[in-house]
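Everything below concerns the one structure shown next.
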Amino acid sequence: MAAIGATILGTISALIFPMDNFSNFLYLIGSVFAPMIAIQITDYFILKVDYRQQNCQWTNLILWLIGFIIYRILLNYSFPLGSTVTIIIVIIAMTWGTCRVMKLVKAK
């Protein structure tokens with residue numbers, strides 16, 4: 001019941017208040033979370049990597065920062081899938097590629 005109330009309140013607010021005030025904040029949230037989720041999806045579902053024994057995975061932190069910067073740059077352009085889906089695809093590919101390169105380097 002609370003979800004329905006929140007949906008109605010959100011819809012009415014969107015119709016009454018100008019959304020231009022919130023769009024920059026929403027883009028900031030997207031630029032933070034889209035690369036992070038892409039890395040998590042890649043690590044957990046594709047690469048099946050377990051980082052529970054490590055305090056920080058620096059490679060993923062750097063990839064997240066790169067994704068954040070690329071997302072902010074992509075906001076200036078128009079893509080059929082939008083900036084969020086585009087950056088998720090790019091970061092998944094970068095995370096997968098980085099993992100493969102690191103495994104090859106360790107093997108030598």
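Put simply, of 62, 88 the only residue that is without any contact (Cβ under 8 Å) to a residue 12 or more places away in the chain and not basic (Lys, Arg) is 62.
The residue pairs whose first member lies in segment 17-35 and is within 28 Å of residue 95 (Cβ to Cβ), whose second member is among the aromatic types (Phe, Trp, Tyr), and whose beta carbons are closer than 7 Å, counting only pairs six or more residues apart or on different chains, are 30/71; 31/68; 31/71; 32/68; 34/71; 35/64; 35/68; 35/71.
Residue pairs whose Cβ atoms lie under 8 Å apart, sitting 6 or more positions apart in sequence or on different chains, and linking a residue in segment 95-108 that is at negative phi to a partner that is open to solvent by less than 40 Å² (accessible area, probe 1.4 Å) and small (Gly, Ala, Ser), are 95/38.
Working only within segment 1-50, note down all residues that are within 25 Å of the chain's Cα centre (by Cα), more than 30 Å from residue 98 (Cβ to Cβ) and among the β-branched types (Val, Ile, Thr). 7, the sole residue that qualifies.
The values are calculated or read from the model by the stated rules, or taken from the named source; none is laboratory data. Just so we're clear, the structure is a prediction, and the values are computed from it rather than from any experiment. In this analysis, Cβ positions are derived from the backbone assuming ideal geometry, glycine residues included, and neighbour counts consider all displayed protein chains. All accessible areas refer to the heavy atoms of the entire protein, side chains included, with ligands and DNA or RNA removed. Shrake-Rupley method; radii C 1.70, N 1.55, O 1.52, S 1.80 Å.
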